[in-house]
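What follows is a single structure, written as structure tokens, with notes after it.
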Amino acid sequence: MAWADGAVRLVDQRRLPAELAFVEVGTVDELCAAIRAMVVRGAPALGVAGALGVALAAATGEDRSEAARRLVATRPTAVNLAWGVKRALAAPDPLAEAERLAEEDVERNRRLGAAGASLLPEGARVMTHCHAGSLACAGYGTALGIVRAAHEAGRRPSVWVKETRPVLQGSRITAWELQRLGIPATVVVDGAAGSLMAAGQVDAVVVGADRVAANGDVANKIGTYPLAVLARHHGVPFLVAAPTSTVDLGCPEGSSIPVEQRPPEEVAMLGGHRLAPEGVPVHNPAFDVTPASLVTALVTEDGVAEPPLGPALARLVGRPEAVG
Ligand code: MRU
């Protein structure tokens, strides 16, 4: 993601892994459409995109506050979006602020990665859901940042990549990034998680987050909650990687996190082919909430929060500017 001659240049994440293509958006409306269509996605990446959106408004002479309102409304669950927009809105130079935010994000992810890697055993077989890698952030990744840090430290991790229906961020983007990094990765269907754990093939689950409530409840891609239940049943550690920008101390618990509903076509259609009969209702929430009681540890750039997560988060993130 970069600023290029008055426009924002984005990797088109919808087209991976078939091609690494870029799109340029020159107005706030175009950026809002790109965010809704998931050209750019992943909580920390949305934070940077939101900040760049305010920079676009400044460059095109649009009302910044009005632009901010439209940007924040595009995807309600990932708190980083509102956080990035708010930071750029409060800055005298929104572009400089967006660029600072992106730099900070990479640096935070490296620290988070190092902290999380130390929790993994040598040769860990990690299972992950959705995509929390470099492209979901400004770089390096959160959940994949942990795997990456372990790999860089010579600890030989490998990854079970859940494909992540319906948009397949796992098989399309996580597997693509891991392959490029030379980290062993195997794609499995979402339903394979339980039998792999039962067979003793999973040493840890590591996922990202879209919003963490003050009590430690975690909103992340739909399918994260059942994965946490399975992990608990099988005694597998369930680690959540989230920069402090994803922690929302203003949100007391998971039930107050807004869960985005996505279009039915994402479930009923695939590559132009119909997968469910025309007219059958589809329920397509993009996220679910994992209760704090199922989280073994929450890894941030400022340290690891362990249960009880509420007090631990208050200690780690009790800075007003870190909250969305
Ligand atoms: O709907 P998406 O693809 O934006 O959902 C993304 C996730 O659920 C990620 O796990 C989360 O944003 C963390 S990204 C570091």
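The values are calculated or read from the model by the stated rules, or taken from the named source; none is laboratory data. No experiment lies behind these values; they were computed from the predicted model shown. Counting neighbours? That spans all protein chains shown, and the Cβs are built from the backbone with ideal geometry, glycine included.
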Check whether at least one residue in the range 60-82 is free of Cβ contacts under 8 Å to residues at least 24 places away in the same chain, away from the ligand (no atom under 16 Å from the Cβ), part of a helix (DSSP H, G or I) and loosely packed, with under 15 Cβ neighbours inside 10 Å, and report yes or no.
yes
Checked the range 139-159 for anything within 16 Å of the ligand (Cβ to nearest atom) and of a type in the set (G, A, S); matches are G139, G141, A143, G145, A149
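Table: residues versus (1) touching a helix residue (DSSP H, G or I) at 6+ places or on another chain (Cβ under 9 Å); (2) within 30 Å of G84 (Cα to Cα); (3) part of a loop (DSSP other than H, G, I, E, B); (4) at pLDDT below 95.
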{"site": "L120", "(1), (2), (3), (4)": "yes, no, yes, no"}
{"site": "A132", "(1), (2), (3), (4)": "yes, yes, yes, no"}
{"site": "G145", "(1), (2), (3), (4)": "yes, yes, no, no"}
{"site": "A149", "(1), (2), (3), (4)": "yes, yes, no, no"}
{"site": "G154", "(1), (2), (3), (4)": "no, no, yes, no"}
{"site": "R165", "(1), (2), (3), (4)": "yes, yes, yes, no"}
{"site": "V187", "(1), (2), (3), (4)": "yes, no, no, no"}
{"site": "S195", "(1), (2), (3), (4)": "no, no, no, no"}
{"site": "V202", "(1), (2), (3), (4)": "yes, no, yes, no"}
Mind checking whether some residue in the range 283-292 is under 16 Å from L313 (Cβ atoms) and away from the ligand (no atom under 16 Å from the Cβ)?
yes
Which count do you get for residues in the range 90-112 that are free of Cβ contacts under 8 Å to residues at least 60 places away in the same chain and surrounded by 22 or more Cβ atoms within 10 Å (Cβ to Cβ)?
2
Would you call V240 within 16 Å of the ligand (Cβ to nearest atom) and β-branched (V, I, T)?
yes
Here are some residues: L89, L31. Which one is within 16 Å of V8 (Cβ to Cβ), in contact with a helix residue (DSSP H, G or I) (Cβ under 7 Å, 6 or more places away or on another chain) and not hydroxyl-bearing (S, T, Y)?
L31
Considering each of V240, V205, V212, V189 in turn, give the residue that is touching a residue at least 24 places away in the same chain (Cβ under 8 Å) and surrounded by fewer than 21 Cβ atoms within 10 Å (Cβ to Cβ).
V189
